[in-house]
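**Student:** Structure provided below as structure tokens; questions to follow.
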Amino acid sequence: MSDIDLTIPDRSLLGFPVTPYEDDGSIAIEQLATQSEVLLSYGAQALFVGCGTGEVQCLSLDEHERLVRGSVEATAGRAPVFGAAGFGLPNAVEMVHRAARAGASAVLAFPPYMSSFHQPAVLSYYQQLADESPLPIVLYQRDGIVFGRETLLRLAEHPRVVGLKDGTGAVEMLQAQVNAIHDPRFFFFNGTPTAELFAPALGSLGVSSYSSALLNVVPEFAEQFNTAFLADDTETMRRYTTEVVLPFVELRDRTAGYAVSLIKEGVNLRGGSVGPVRGPLPTPTRRDREDLRRWLASIDLDTPLRPKSTADSERGGVTV
Ligand SMILES: O=C([O-])C(=O)C[C@H](O)[C@@H](O)C(=O)[O-]
């Protein structure tokens, strides 16, 4: 286990990097380091590697471990690195042990897909995973798995369960969950698709940290949005949402899976060389790719992606 402090302060911007591939399909370690620099330089306070935006469902156990190790080396102690664990108990336990060996600080526990909604079964599943885990665990609710109040209270008592990522944006449920947990060690974060869209609403419930897939492709904008968010500048956030986020969401919603595929394509369009997504994620059509290019150009972010210090010396800010 890494000895990096796992404390995720309130109001953190969390990075979920895409997984870069070489031409032969192997993990592109050098590109991984470049991406880490970009995300950290624009304000990511933790990196969740090989998670949703990182194509978790498309990676082998070895690849996931390699990704975590590469990211831990690239971040060199500047931020905690989270791996992923999931897809059934034996697999999840194996993933968390591999993440620990690779130096991760914690893991994001993906819902076991194809599973029941029955709360006692959900409780038992995550308790067993936490019991077996050498690392702290962040729960993740979306799709098939959400945590009832009692389930969450019981899980939050476990010393290795440290937080909850919400992928639902279900305000009523989330408010009840936030109100139920009084442990300052337990953190909630907004991990909805294109999380900026929900940031103002969920921020007002006290869920003030969020994961940003946009930080991969338009880090300059994601940083500016986060500055407005931290300043509670609702007018600026509304303008950014209308002018930048919603046009992206319109593209994203054209095809299931585009929340990841278009992020990766956007990085490629900005010279990131991260390769294509793996199936079953969809390859963007030519028309959607061109529209994505136009979206980038509309906000003057069709320039090469660079870590912030390099980019600042080369060009000005975002024109929105
Ligand atoms: O593992 C995941 O679900 C994610 O990749 C989360 C994303 O960063 C999501 O919050 C987004 O699309 O902004």
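The values are calculated or read from the model by the stated rules, or taken from the named source; none is laboratory data. As the structure is a prediction and not an experimental result, all values here were calculated from the model. We place every Cβ from the backbone using ideal geometry, glycine too, and count neighbours over all the protein chains shown.
**Student:** Does Gly77 qualify as being more than 16 Å from the ligand (Cβ to nearest atom), outside any helix (DSSP H, G or I) and out of contact with any helix residue (DSSP H, G or I) (no Cβ under 8 Å at 6 or more places or on another chain)?
**Tutor:** It is true that Gly77 is more than 16 Å from the ligand (Cβ to nearest atom), outside any helix (DSSP H, G or I) and out of contact with any helix residue (DSSP H, G or I) (no Cβ under 8 Å at 6 or more places or on another chain).
**Student:** From the residues in the stretch 157-170 that are surrounded by 22 or more Cβ atoms within 10 Å (Cβ to Cβ) and in contact with a helix residue (DSSP H, G or I) (Cβ under 6 Å, 6 or more places away or on another chain), which one is nearest to Ala130 (Cα to Cα)?
**Tutor:** Val161
**Student:** Follow-up. Could you please give the count of residues in the stretch 128-151 that are buried (at least 17 other Cβ atoms within 10 Å of the Cβ), farther than 30 Å from Ala74 by Cα and polar (S, T, N, Q)?
**Tutor:** Final tally of qualifying residues: 1.
**Student:** Out of the residues in the stretch 208-228 meeting the condition of being in a strand (DSSP E or B) and polar (S, T, N, Q), tell me which one is farthest from the ligand (Cβ to nearest atom).
**Tutor:** Filtering first and then ranking leaves Ser209.
**Student:** Still on this model: If we scan the stretch 131-142, do we find a residue that is within 16 Å of the ligand (Cβ to nearest atom), hydroxyl-bearing (Ser, Thr, Tyr), closer than 15 Å to Leu164 by Cα and within 20 Å of the chain's Cα centre (by Cα)?
**Tutor:** yes
**Student:** To continue, here is another question. Here are some residues: Arg286, Arg270, Arg278. Which one is among the basic types (Lys, Arg), touching an Asp or Glu at 6+ places or on another chain (Cβ under 8 Å) and away from the ligand (no atom under 16 Å from the Cβ)?
**Tutor:** Arg270
**Student:** Touching a residue at least 60 places away in the same chain (Cβ under 8 Å), more than 22 Å from Arg289 (Cα to Cα) and out of contact with any His (no Cβ under 6 Å at 6 or more places or on another chain), is that true of Asn226?
**Tutor:** yes
**Student:** Just checking, how many residues over the stretch 239-252 are out of contact with any Pro (no Cβ under 8 Å at 6 or more places or on another chain) and either away from the ligand (no atom under 15 Å from the Cβ) or not β-branched (Val, Ile, Thr) (or both)?
**Tutor:** Summing the residues that are out of contact with any Pro (no Cβ under 8 Å at 6 or more places or on another chain) and either away from the ligand (no atom under 15 Å from the Cβ) or not β-branched (Val, Ile, Thr) (or both) in the stretch 239-252 gives 9.
**Student:** Taking the options Leu155, Leu108, name whichever one is in contact with a Cys (Cβ under 6 Å, 6 or more places away or on another chain) and either assigned to a helix (DSSP H, G or I) or of a type in the set (A, V, I, L, M, F, W, C) (or both).
**Tutor:** Leu108
**Student:** Quick check: is even one residue across the stretch 114-121 in contact (Cβ under 8 Å) with a residue 24 or more places away in the chain, more than 14 Å from the ligand (Cβ to nearest atom) and crowded, with 21+ Cβ neighbours inside 10 Å?
**Tutor:** no
**Student:** Looking at Arg154, Arg185, can you tell me which residue is surrounded by fewer than 20 Cβ atoms within 10 Å (Cβ to Cβ), modelled with pLDDT of 95 or more and more than 10 Å from the ligand (Cβ to nearest atom)?
**Tutor:** After applying the criteria, what remains is Arg154.
**Student:** Whether any residue in the stretch 229-245 is of a type in the set (D, E, K, R), surrounded by 21 or more Cβ atoms within 10 Å (Cβ to Cβ), in contact with a helix residue (DSSP H, G or I) (Cβ under 9 Å, 6 or more places away or on another chain) and part of a helix (DSSP H, G or I) is what I want to check.
**Tutor:** Scanning the stretch 229-245 turns up no residue that is of a type in the set (D, E, K, R), surrounded by 21 or more Cβ atoms within 10 Å (Cβ to Cβ), in contact with a helix residue (DSSP H, G or I) (Cβ under 9 Å, 6 or more places away or on another chain) and part of a helix (DSSP H, G or I).
**Student:** Please list, ordered by first then second residue, the pairs with beta carbon atoms under 7 Å, 6 or more apart or interchain, first in the stretch 44-58 and within 16 Å of Val217 (Cβ to Cβ) and more than 7 Å from the ligand (Cβ to nearest atom), second part of a loop (DSSP other than H, G, I, E, B) and of a type in the set (D, E, K, R).
**Tutor:** Final answer for the pair search is Glu55/Arg278.
**Student:** Still on this structure, please answer the following. Among the numbered criteria (1) over 21 Å from Cys51 (Cα atoms); (2) in contact with a helix residue (DSSP H, G or I) (Cβ under 7 Å, 6 or more places away or on another chain); (3) part of a helix (DSSP H, G or I), which single criterion is violated by Met173?
**Tutor:** (2)
**Student:** For Val68, indicate whether it is crowded, with 24+ Cβ neighbours inside 10 Å, β-branched (Val, Ile, Thr) and assigned to a helix (DSSP H, G or I).
**Tutor:** So Val68 passes the test.
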